[in-house]
1. Could you derive backbone 3J(HN,Hα) for region 159-164 from the dihedral phi with the Karplus parameters 6.51, -1.76 and 1.60 (θ = phi - 60°), listing whole Hz in sequence and x where the residue is Gly or Pro?
2. Given H placed on each backbone N at 1.01 Å, which residues far from Trp169 in sequence or on other chains put an amide H within less than 5 Å of it?
3. Just how far, in whole angstrom, is region 156-180 from region 92-145 if you go by their alpha carbon centroids?
4. Which value in deg cm²/dmol, rounded to the nearest 500, describes the helix-derived mean residue ellipticity at 222 nm for the chain, given -39,500 (n - 2.57) per DSSP H run of n ≥ 4 and division by the residue count?
5. Taking loop as defined by DSSP and a crowding limit of 16 other beta carbons within 10 Å, which trypsin sites (Lys or Arg not before Pro) in region 155-223 fit?
6. Among Leu111, Leu125, which comes first, then next, by fewest other beta-carbon atoms within 10 Å?
7. What ratio of Cα Rg to 2.2 N^0.38 Å holds for region 93-186?
8. What percent does the relative contact order of the chain come to when contacts are Cα pairs within less than 8 Å and at least six residues apart?
Amino acid sequence: MVTRINPSILAADFANFERELGRIRSADLVHVDIMDNHFVLNLTFGLAMVQRLQQVSPIPLDIHLMIDDPDRWAPDYAEAGAYSVTFHAEAAADAVALARRLRSIGARAGLALKPDTAVEPYLELLPEFDQILVMTVEPGFGGQSFMATTMPKLRALRSAVAQSGLDVWLQVDGGITEKTIEIAAEAGADTFVAGSSVFGAADPAAQIALLRASAARHRHGHE
């Protein structure tokens with residue numbers, strides 16, 4: 001089973017994105033947080049920025065939409081060439097219809113769940129998605145502490161994915177370090193968003209390799 005490390009550019013040097021992307025070219029995807037100051041109380045990037053990142057990034061874009069009305073806006077990010085577009089269950093009017101629209105454009109469709117959002121209503125909908133993102137912090141700001149209380153949700157998802165035989169990636173985002181990645185991997189995650197732990201490292205490539213190896217060692221029960 002593949003272990004993916006997706007560094008978040010929320011922790012990068014905003015004035016030097018092309019250089020920063022080059023520093024993480026050994027990662028699997030680059031995680032791009034889109035925030036609208038409505039769904040979450042922070043404002044980051046928009047469609048124009050993603051279109052430009054798509055032109056210069058050496059690795060595919062993993063878009064995380066923390067915005068209101070993703071039904072209206074998410075397809076634009078897929079049209080821009082993003083490899084994966086994840087939207088929040090709490091914000092979508094029709095998550096299944098939106099996921100099908102994203103897939104029809106050619107992007108992987110992801111569904112994100114905030115820490116307090118129950119996973120049970122979505123377990124039977126797994127065939128409609130390519131990725132489920134379990135937020136391990138409250139969405140909105142980088143640098144928060146990992147919430148281990150979200151791990152039962154991840155275990156439920158891993159069990160459901162295993163029983164279904166589907167190829168659904170299980171992603172975690174928030175407070176991922178060399179230590180917390182072990183916890184998330186043991187609970188069943190296979191795709192890890194890491195921000196400051198990668199971009200804050202003197203050698204991001206070495207840090208990516210370290211995180212990937214650490215996660216892989218602790219995923220033995222999910223092979």
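What follows draws every value from the coordinates through simple rules; no lab data is involved. Please read these numbers as outputs of a predicted model, since none were measured by experiment. Neighbour counts are summed over all protein chains in view; Cβ atoms, including those assigned to glycine, are modelled from backbone coordinates with ideal geometry.
1. With the stated coefficients, region 159-164 comes to 5, 5, 5, 4, 5, 7 Hz.
2. Gln131, Ile132
3. Here the two parts' Cα centres lie 12 Å apart.
4. Values: 9 runs with 82 residues, N = 223.
Calculated mean residue ellipticity at 222 nm is -10500 deg cm²/dmol.
5. Details: sites: Arg155, Arg158, Lys179, Arg212, Arg217, Arg219; in loops: Lys179, Arg219.
Answer in residue order: Lys179.
6. Leu125, Leu111
7. Numbers: Rg = 13.5 Å, N = 94, 2.2 N^0.38 = 12.4 Å.
That works out to 1.09 for region 93-186.
8. Values: 459 pairs, mean separation 44.9, N = 223.
Relative CO of the chain lands at 20 percent.
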